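First the structure, in the form of structure tokens, and then the observations on it.
The values are calculated or read from the model by the stated rules, or taken from the named source; none is laboratory data. Note that this is a predicted model, so its numbers are computed, not measured. Neighbour counts are summed over all protein chains in view; Cβ atoms, including those assigned to glycine, are modelled from backbone coordinates with ideal geometry.
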Amino acid sequence: MKTFQIERPDLSLQMPLRCKIDNLTKPKGSLGRLEELALQVGLIQQSLSPTLKCPQNIIFCADHGIEAEGVSASPREVTWQQTIHFTQGNGGVNFLCRQHGFRLKVVDAGVDYDLPTNRGIIDRKIGRGTRNFLYEAAMTDEEMNRCIAYGAEIVRQCHQEGSNVLSFGEMGIANTSASSLWMSCLTGIPLEQCVGAGSGLDNEGIRHKYNVLRRAFENYSGDGSTLDIIRYFGGYEMVMAVGAMLQAAELKMILLIDGFIMTNCILAASKLYPDVLHYAIFGHCGDEAGHRLVLEALQVHPLLNLGLRLGEGTGAICAYPILDSAVRMINEMDSFTGASITKYF
């Protein structure tokens, strides 16, 4: 597996940052989460005047073998249809990218379809969907390692293009099933609490999904290590996202984390490299069962709770203006001294 050099941000700048934030023309702490975000971004960038440059959203797309077991309300072909749709500019993620100035990259990590070559889709196809983990590992060690390397490669490209903040999204029918197993295996939360409706299952469908995933877990005979869990139950798009997140942290970029699936990807990444979490900002808590629990397991606090469960990076992009406000606060507000205002806290 590719290795990463992820450094915990140097805390020597913490007191100067706090001093700058506390001496802006406001009562101390009165801008709440904006102050916390400004401190985090300042530490990531090791700057008293942090900036946000060229935000990009990367969507990794792939199919899952477990879909054959009827664990999703949506058919398999939706993966390739939506992957193409993203390139046409009229999807859920597209209007948000336009609204907030994000570039969009769409990556074929393993879609079960011959996607067109003239739509700008980045071809990093590992296979036409993973194997069915009810019966065997979803991917081989070699495939897992390629996914991590490809995800890292895409992030390096973004970095070379001038980006210092990235959000991550996914498209893959049945990827909430893979995410539920990652979540249960990596946190110890009972599987039943990790399984939800996905793209719209009813109560009977959720019970069926849980029973399939329970059987898959019972059939698992691996060594229980983080890498083996990632390989056995993961999706190509999910493992690419793990590689992307680790590379972004190594490059000291800001990671905006989206919904249930991407939260489980940062969970997996953090089990490999715990310091990746210092670079992560969690966009929202979604409606998928288990999302709140995995956020609690990570001991993180999302910025929004809008009832979102679309994926694609939508919740992370929705949270971006709050991050932007935090950076504007530390850069654009006067200090008490500069404005000749008496401190009033």
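Tell me which residues, restricted to segment 222-270, are over 24 Å from I317 (Cα atoms) and not β-branched (V, I, T).
G222, D223, G224, S225, L227, D228, R231, Y232, F233, G234
Count, please, the residues in segment 22-50 that happen to be β-branched (V, I, T) and under 21 Å from the mean Cα position of the chain (by Cα).
2
Select, from L227, L166, L201, the only residue that is surrounded by fewer than 24 Cβ atoms within 10 Å (Cβ to Cβ), in contact (Cβ under 8 Å) with a residue 24 or more places away in the chain, at negative phi and touching a helix residue (DSSP H, G or I) at 6+ places or on another chain (Cβ under 7 Å).
Selected residue: L201, the only one of L227, L166, L201 that is surrounded by fewer than 24 Cβ atoms within 10 Å (Cβ to Cβ), in contact (Cβ under 8 Å) with a residue 24 or more places away in the chain, at negative phi and touching a helix residue (DSSP H, G or I) at 6+ places or on another chain (Cβ under 7 Å).
Examine segment 186-193 for a residue that is surrounded by fewer than 17 Cβ atoms within 10 Å (Cβ to Cβ), touching a Cys at 6+ places or on another chain (Cβ under 7 Å), on the phi > 0 side of the Ramachandran plot and in the same structural domain as A73 (by TED's automatic domain parsing), and state whether such a residue exists.
Looking for residues that are surrounded by fewer than 17 Cβ atoms within 10 Å (Cβ to Cβ), touching a Cys at 6+ places or on another chain (Cβ under 7 Å), on the phi > 0 side of the Ramachandran plot and in the same structural domain as A73 (by TED's automatic domain parsing), one finds none in segment 186-193, hence no.
Residue by residue through segment 20-72, note down the ones that are surrounded by fewer than 21 Cβ atoms within 10 Å (Cβ to Cβ), part of a loop (DSSP other than H, G, I, E, B) and either free of Cβ contacts under 8 Å to residues at least 24 places away in the same chain or among the small types (G, A, S) (or both).
Within segment 20-72, G29, S30, S47, S49, G70 meet the criteria.
Just checking, which of R103, R76, R98 is in the same structural domain as S167 (by TED's automatic domain parsing) and either within 30 Å of R215 (Cβ to Cβ) or touching a Lys or Arg at 6+ places or on another chain (Cβ under 6 Å) (or both)? It would help to see each step written out before you state the result.
On the way: R103 fails: either within 30 Å of R215 (Cβ to Cβ) or touching a Lys or Arg at 6+ places or on another chain (Cβ under 6 Å) (or both); R98 fails: either within 30 Å of R215 (Cβ to Cβ) or touching a Lys or Arg at 6+ places or on another chain (Cβ under 6 Å) (or both).
Of the residues listed, the single one that is in the same structural domain as S167 (by TED's automatic domain parsing) and either within 30 Å of R215 (Cβ to Cβ) or touching a Lys or Arg at 6+ places or on another chain (Cβ under 6 Å) (or both) is R76.
How many residues are surrounded by fewer than 23 Cβ atoms within 10 Å (Cβ to Cβ), part of a helix (DSSP H, G or I) and hydrophobic (A, V, I, L, M, F, W, C) when one looks only at segment 105-152?
The qualifying residues number 2.
Taking segment 196-224, which residues are under 14 Å from A174 (Cβ atoms), in a helix (DSSP H, G or I) and either touching a Cys at 6+ places or on another chain (Cβ under 6 Å) or among the hydrophobic types (A, V, I, L, M, F, W, C) (or both)?
If the condition is that a residue be under 14 Å from A174 (Cβ atoms), in a helix (DSSP H, G or I) and either touching a Cys at 6+ places or on another chain (Cβ under 6 Å) or among the hydrophobic types (A, V, I, L, M, F, W, C) (or both), then I206, V212, L213, A216 are the ones that fit.
Got at least one residue in segment 279-288 being surrounded by fewer than 21 Cβ atoms within 10 Å (Cβ to Cβ), farther than 18 Å from A152 by Cα, hydrophobic (A, V, I, L, M, F, W, C) and in contact (Cβ under 8 Å) with a residue 24 or more places away in the chain?
No, that holds for no residue.
Are any residues in segment 73-104 out of contact with any Cys (no Cβ under 8 Å at 6 or more places or on another chain), outside any helix (DSSP H, G or I) and over 27 Å from N203 (Cβ atoms), and if so, which ones?
Once the filter is applied, which keeps residues that are out of contact with any Cys (no Cβ under 8 Å at 6 or more places or on another chain), outside any helix (DSSP H, G or I) and over 27 Å from N203 (Cβ atoms), segment 73-104 yields T87, Q88, G89, N90, G91, G101, F102.
Limited to segment 274-293, what total is found for residues that are in a helix (DSSP H, G or I), more than 13 Å from the chain's Cα centre (by Cα) and farther than 25 Å from T3 by Cβ? Walk me through it before giving the result.
Filtering segment 274-293 for residues in a helix (DSSP H, G or I) gives 274-279, 291-293.
Remaining after also requiring more than 13 Å from the chain's Cα centre (by Cα): 274-275, 278, 292-293.
The next check asks that each one be farther than 25 Å from T3 by Cβ; those that pass are 292-293.
Total meeting the criteria: 2.
Would you mind stating whether I59 is hydrophobic (A, V, I, L, M, F, W, C) and touching a Pro at 6+ places or on another chain (Cβ under 6 Å)? If you could, list the steps in order and put the result at the bottom.
Details: hydrophobic (A, V, I, L, M, F, W, C): yes; touching a Pro at 6+ places or on another chain (Cβ under 6 Å): no.
So I59 fails the test.
Filter segment 76-98 down to the residues that are within 25 Å of E288 (Cβ to Cβ) and out of contact with any helix residue (DSSP H, G or I) (no Cβ under 8 Å at 6 or more places or on another chain) and list them by number.
Answer for segment 76-98, where residues must be within 25 Å of E288 (Cβ to Cβ) and out of contact with any helix residue (DSSP H, G or I) (no Cβ under 8 Å at 6 or more places or on another chain): E77, V78, T79, W80, Q81, Q82, T83, I84, H85, N90, F95.
Residues of segment 89-107 being modelled with pLDDT of 95 or more and among the polar types (S, T, N, Q), which ones?
N94, Q99
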